[in-house]
Amino acid sequence: MTRTILITGSSSGIGRATAKQFHEQGWNVIATMRGPEHETELTALDNVLVTRLDVQDSASITAAVDAGLERLGRIDVLLNNAGYGAYGLLEATSMDKISRQFDVNVMGLLETTKAVLPHLRANGGGTIVNVSSIGGKVTFPLGTLYHGTKFAVEGLSEALHYELASIGVNVKIVEPGIVDTDFAGRSFDFTNDENLTAYQKTVAAFFTAQGQMSGDAPEVIAETIYGAVTDGTDRLRYPAGSQAADLIAHRANTDDATFIGGIKLQFGL
Ligand code: NAP
């Protein structure tokens with residue numbers, strides 16, 4: 001039987017690459033996105049349903065799950081990928097922006113999971129893959145909100161994996177390092193206030209560090225996601241990309257004072 005994956009945030013980056021990877025491997029794909037009317041490539045593929053899902057819009061979540069079930073009959077895997085990065089000075093960031101970051105990266109993931117769970121339970125199993133980040137294990141200055149959301153994804157996924165074992169559903173956490181997507185462009189929402197002069201040295205250091213970063217292609221992360229779904233194990237965490245495993249291991253093996261001291265040095269703090 002052909003299996004089906006529902007993916008959030010399929011319009012670009014990791015979500016799009018993963019939709020193509022699963023399609024190439026013969027899966028049915030429910031490729032969801034906020035603006036399906038702009039999609040042309042995925043729409044042309046057999047066994048791919050492109051449909052609207054905005055994780056901040058409850059009705060769109062239900063409608064996308066219903067449309068997927070109607071067209072493809074079942075859902076076996078959910079990839080919670082939709083997300084973006086709100087960075088910058090907490091003092092300068094509006095509560096609306098703070099709420100939006102947690103709404104999309106955390107609440108949206110939980111609501112989409114809740115919408116799919118009854119079907120997985122009725123099927124007697126399935127897999128939920130949550131896209132976290134190295135930023136769910138390691139923090140950098142001016143990432144208070146983004147790291148807050150990804151640390152939340154790490155904790156909630158780990159807790160949920162116990163609960164869902166009772167219904168045969170595996171939870172997997174994928175932790176990409178830096179990936180060359182729209183994350184540093186369209187999905188990067190930076191807030192500064194130059195009048196807050198005390199912070200400007202850190203802001204400048206942040207952009208210097210960001211300018212030096214280079215990452216993996218999103219296809220590399222898509223392969224890890226495919227492996228996580230199909231490896232037949234209940235392994236929980238999958239660092240993804242060329243830098244992630246080493247960085248996460250280094251953090252785990254280094255005490256706070258040493259690791260954080262290194263970050264401070266890098267940022268001139
Ligand atoms: P991307 O190319 O910018 O993709 C982000 C996706 O999230 C887009 O499809 C975007 O849709 C979608 N999205 C944003 N808000 C949404 C909402 N309210 N409802 C539904 N979809 C929404 O960046 P990416 O790197 O592939 O990011 C995908 C995931 O990987 C994110 O969770 C991110 O935190 C994580 N990640 C990225 C990196 C990296 O370096 N790139 C590293 C670690 C983890 P629109 O087209 O509608 O905006």
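Can you list the GluC sites (Glu not before Pro) in the range 1-109 that are in a DSSP coil and have 12 or fewer other beta carbons within 10 angstrom? Before the final figure, lay out each step's value.
Details: sites: Glu24, Glu37, Glu39, Glu41, Glu70, Glu91; in loops: Glu39, Glu41.
The qualifying sites are Glu41.
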With the calculation restricted to Cα positions, what are the radius of gyration and Dmax of the range 68-119 in angstrom? 15.2, 48
Once fully extended, how much extra length lies between Arg235 and Ser99, figured as 0.36 nm per residue of separation less the alpha-carbon to alpha-carbon distance? 45.8 nm
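Round to a whole number: what % of the accessible area of the chain belongs to carbon and sulfur, probe 1.4 Å? Please list the in-between numbers first.
Details: 6400 of 12400 Å².
In the chain, the share of accessible area belonging to carbon and sulfur is 52 percent.
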Under 30 Å Cα to Cα from Lys201, which lysines show up? Leave out anything in the same chain fewer than 8 places away. Lys97, Lys137, Lys150, Lys264
With DSSP loop assignment and no more than 11 other C-beta atoms within 10 Å, the GluC sites (Glu not before Pro) in the range 180-269 are Glu194
Would you mind computing Rg(Cα) / (2.2 N^0.38 Å) for the range 73-214, counting N as its residues? 1.19
If I ignore ligands, DNA and RNA and count only protein heavy atoms, how much of His119 is accessible to a 1.4 Å probe, in Å² to the nearest 10? 50
Calculate the tail of P(r) for the chain: the fraction of all Cα-Cα distances greater than 27 Å, expressed in %. 37
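Are there trypsin sites (Lys or Arg not before Pro) in the range 221-269 that DSSP marks as loop and that have at most 14 other Cβ atoms within 10 Å, and which are they? Mind showing how you got there, number by number?
Details: sites: Arg235, Arg237, Arg251, Lys264; in loops: Arg235.
Qualifying residues, ordered by number: Arg235.
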Cα-based radius of gyration of the range 1-67 once divided by 2.2 N^0.38 Å, which approximates compact folds: 1.01
Tell me, how many Å apart are the Cα centres for the range 123-166 and for the range 32-74? 23
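Determine the calculated [θ] at 222 nm for the chain from helices alone, applying -39500 (n - 2.57) to every DSSP H run no shorter than 4 residues and normalising by the residue count; nearest 500 deg cm²/dmol.
On the way: 9 runs with 118 residues, N = 269.
So the helix-based figure for the chain works out to -14000 deg cm²/dmol.
The values are calculated or read from the model by the stated rules, or taken from the named source; none is laboratory data. In this text, all values refer to a predicted model and were calculated from it rather than measured experimentally. Cβ atoms come from the backbone with ideal geometry, glycine included; neighbour counts cover every protein chain shown. With ligands, DNA and RNA removed, areas are computed over all heavy atoms of the protein, side chains included. Shrake-Rupley method; radii C 1.70, N 1.55, O 1.52, S 1.80 Å.
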